[in-house]
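Chemist: A single structure is presented below for examination.
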Amino acid sequence: MHLRGIALASIFGAVSLPAHAQYEQQLGPLAGAVKQQMLEGWTAGVQDGWFTLHNANKADSEQTLYMNVGPAPESGRVTDVNVVVKSPNPKASIGVALSNRANKSLCLLELTADKNTLLFCLQGKDRRDIAALPNVAKLDGTDRIRVVELPGAARFIVNGQQIGDVSNEPATGAELGIMAYDVGTFGVADFKITMTGGQSAAAPAAGTLPARGGNAGGGTAQKPQAQAPAAGQGGGDYNPALPGEGPYPRFGGDTMRIVSVYIGIMRSIFMHEFGHALIGELELPSTGAEEDAVDIYSALQIVEPTMYPSDNKEVNTMAQDAAKYAALQWYYSGKVAERRGADASSAWQDEHTGDLKRFRNMLCIMYGGNPAVFESIAKHVGLEDRTRARCADEFNKQNRAWNKILAPHTRVGTWTPEGQQPANAPGAPVKVVFQPSKRKIGNLFANNLSEAISNNIKLLGERYVLPRPVNVVFKDCGQLNAWYSPREGSITMCYELIENIAVMISDIEMGTVGGEVAQAGAAPGSAAPRQQPAQPGQGLPASAIDELKDFGVPATTMLFTAPYKGPTPNKIYRAQVITTADLVGMIKKDKNLLIVDTSGLRDTVPIGYPLTDAGSDGSVTDHLQQGFDAWLLKNNGGDRKAPVVVLGAGMNDRSAYNAALRAGTLGWTVYWYRGGVEAWVANGLPTTSSMPKK
């Protein structure tokens, strides 16, 4: 396989992503069932982060989405899903079902539109009611159903409350899915199946489930609308969610887009570092700034697959989109830096060119090599006609220069006719290792993309005659970085950097916050609940902690003195106290929002700007006050009506109170996020750091 032209086919044609379909972000492994199993009269779509099933007028109609899961393993299996229903019929329902259609058996846990929670099993026409509990379901967008399975047994849980157990039912150990019943709109989100790998707090211990015929659910049995499995083909292959911590931007569940974004990010970073490696290992001359030179090398390598397409249209589309994202990341990061008011006074000392200039240089090379592919981006970002006119020349000059410099170290071949080394010239290989990660994005690469990427990167060792092995390691680094080490002859690719850039792109293009759908109310480590599909803009659930708790500290117009540690008031003069739910909504709706973080912590909320000095003591008439006002004017574009949010480490960080009081005294529209980073994390929302230069 050659590098030029169809080289990326080894990546785009061989990747193995987690279960995918159009609705993968909401339905996970169940997404593949949608097209196969939709009934006439029902429609599917996505609204406000939910996968929605809608039935306009077919009363007593039932829509099921099933997948084959087989028997639960000895260690257990957990199904978890966020559901909601809106219907004029109080008996309309949505739920999770275990089914064995061959045996005409079903066990169903459903939530009805009148807030009843029902659990029953069917065997043919025979029905056994297990539990009927009122008001367990809230129907406010936060309801979660969990089904914990062991071989031959299952426990059904709603909002953390055990509803009932079944065992030795023919319905277990075959199919599992979602069932919606009657007229209305039914929402599903964050459907996932995981293997427990051991005993969990919610999982029943082996042997503790009741025998067949038992009723462990409690409550008075009521007779809901009888439901049985609908006809249709099973669909979707079981594939657990990505292991690890942190966000996983999924870009609407579109596999082509997911691959394009992540491969584009990876190639932009890697080819930049490999350019450094070529200069270091081959002792190449670099008469200009090396960082700029390897940016150009990276751009040339990234545009190549778009210039020499394969016969596979899907592969070509992904290669083109990956190339676009490789360049766009610099445009986005440059614009984010502009908005944050990046300090230009010291930028001139950085060995890297500014992000927007880097973007211009890379885009011009790509546009010059393939104008048709990059025309849309050039127009979108306003690349001037006079610049475009020079790009073909820039591409040709840089392409000739790099080919000439590398020719003495390049093996001759069909796709490298300029090479001056024989095809069988001895040389050292490029080796690639993907280490396991603690992050979801790291495991996406380590578990799903590693083989294809490794094979592609190793081809560089076949193209160039290297004096010693170049070792490429993808790993958790504890920092946002990537680098070439001339001493070791190695390239280190940090999963954290790829994750950080993917989150930035997702937040800009998909409207996410920290790479995920921005919702509060989820416990740490759990998936965030969604808004009701029929009521966009509905208020978010309460915070995971009491962010308005009264510590008995009165509000004051005086600044708290250092060290700014201690309980804070739950009210403030000249500002407004907001909670996590309020802040999430503001981030989504207001593009001019400025968030100031006085905590001094490494991580902050998305688009938060660290400014510890703003929370200093003193007085609201001191010199710091004037400097703070000037800083706000600079970073808010001079608009005093633009909102300012101030936050600190948590409810015991008084520096944020000081900063909010200072800004409010200056006449700004100020919101004090009292819960701070502590509440943000407690609600399961991701933090972010500013992206450093590579």
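The values are calculated or read from the model by the stated rules, or taken from the named source; none is laboratory data. Note that the structure is predicted; figures quoted are calculated from it, not measured. Because the Cβ atoms are built from the backbone with ideal geometry, glycine has one as well, and the counts that use them run over all protein chains shown. Accessible surface areas use protein heavy atoms only, side chains included; no ligands, DNA or RNA. Shrake-Rupley method; radii C 1.70, N 1.55, O 1.52, S 1.80 Å.
Chemist: Calculate the translational D of the range 343-487 in whole µm² s⁻¹ from Stokes-Einstein, where the hydrodynamic radius comes from the Kirkwood formula applied to all Cα pairs, the temperature is 20 °C and the viscosity 1.002 mPa s.
Modeler: 115 µm²/s
Chemist: While we're on this one: For the range 550-656, what % of the accessible area comes from carbon and sulfur atoms, probe 1.4 Å?
Modeler: So the carbon and sulfur contribution to the accessible surface is 53 percent.
Chemist: Scan around I572 for amide H atoms under 5 Å from its own, H built in the peptide plane at 1.01 Å from N, and keep only partners 5 or more places away or cross-chain.
Modeler: Those qualifying (amide H under 5 Å, at least 5 residues apart or on another chain) are V577.
Chemist: Rounded to the nearest 10 Å², what accessible area does K440 show when all protein chains are kept and the probe is 1.4 Å?
Modeler: 60 Å²
Chemist: At a 1.4 Å probe radius, which order do D385, D653, D590 fall into by accessible area, largest first?
Modeler: Correct descending sequence by accessible area is D385, D590, D653.
Chemist: Moving on to the next point. Mind checking the full-extension length gain between N68 and D622? Use 0.36 nm per residue of separation minus the Cα-Cα distance, one decimal, nm.
Modeler: 192.6 nm
Chemist: Of S506, S619, which has the most accessible area and how do the rest follow, probe 1.4 Å?
Modeler: So the residues, ranked largest to smallest area, are S619, S506.
Chemist: What is the local net charge at P151, summed over the other residues whose Cβ is closer than 10 Å to its Cβ (Lys, Arg +1; Asp, Glu -1)?
Modeler: -1
Chemist: Quickly work out the Y609-to-D114 label distance, labels modelled 7 Å from Cα along the C-beta direction, and quote it in nm with one decimal.
Modeler: Those two pseudo-labels are separated by 5.5 nm.
Chemist: When N is the residue count of the range 77-178, what does its C-alpha Rg come to as a fraction of 2.2 N^0.38 Å?
Modeler: The value comes to 1.01.
Chemist: Continuing with the same structure: Taking θ as phi - 60°, what are the ³J(HN,Hα) couplings along the range 376-387 by the Karplus curve (6.51, -1.76, 1.60), each to the nearest whole Hz, with x for Gly and Pro?
Modeler: Computed from phi, the couplings for the range 376-387 are 5, 5, 4, 5, 4, 8, x, 5, 5, 4, 5, 6 Hz.
Chemist: Show the residues, 5+ positions off or on another chain, whose built amide H is closer than 5 Å to the amide H of Y609.
Modeler: The answer is I595, V596, D597.
Chemist: Let me ask another. Can you give me the distance in nm between label points at D292 and I508, each placed 7 Å from the Cα along the Cα-to-Cβ direction?
Modeler: Roughly 2.3 nm, to one decimal.
Chemist: Return the sequence-ordered ³J(HN,Hα) values of the range 581-594 in whole Hz as given by the Karplus equation 6.51 cos²θ - 1.76 cosθ + 1.60 applied to θ = phi - 60°, using x for Gly and Pro.
Modeler: Result, rounded to whole Hz: 4, 4, 5, 4, x, 5, 4, 6, 9, 10, 6, 9, 5, 10.
Chemist: Computed FRET efficiency, Cβ-Cβ of K335 and S485, R0 41 Å: what is it to the nearest 0.05?
Modeler: Efficiency for this residue pair is about 0.85.
Chemist: Amide H of Y671: which non-local residues (sequence gap of 5 or more, or other chain) have their own amide H closer than 5 Å, using H built in the peptide plane?
Modeler: Q576, V644, V645, V646
Chemist: Also, I was wondering about something else. As a test question: what accessible area, to the nearest 10 Å², does E384 have when a 1.4 Å probe is rolled over all protein chains in place?
Modeler: Using a 1.4 Å probe on the heavy atoms, I get roughly 90 Å².
Chemist: OK, next. Accessible area per residue for the range 592-688 in Å², computed with a 1.4 Å probe and the full protein assembly in place, what is it?
Modeler: 35 Å²
Chemist: Quick check: with the 1.4 Å probe, what order do S105, S376 take by accessible area, largest first?
Modeler: Descending order: S376, S105.
Chemist: Report ³J(HN,Hα) in whole Hz for each residue of the range 151-164, in order, from the Karplus equation J = 6.51 cos²θ - 1.76 cosθ + 1.60 where θ = phi - 60°; Gly and Pro get x.
Modeler: x, x, 8, 8, 10, 10, 10, 10, 6, x, 9, 5, 9, x
Chemist: Moving to a separate point now. Between A401 and K591, what is the spin-label point distance in nm, taking each point 7 Å from the Cα along the Cα→C-beta axis?
Modeler: Going from the A401 label point to the K591 one covers 3.6 nm.
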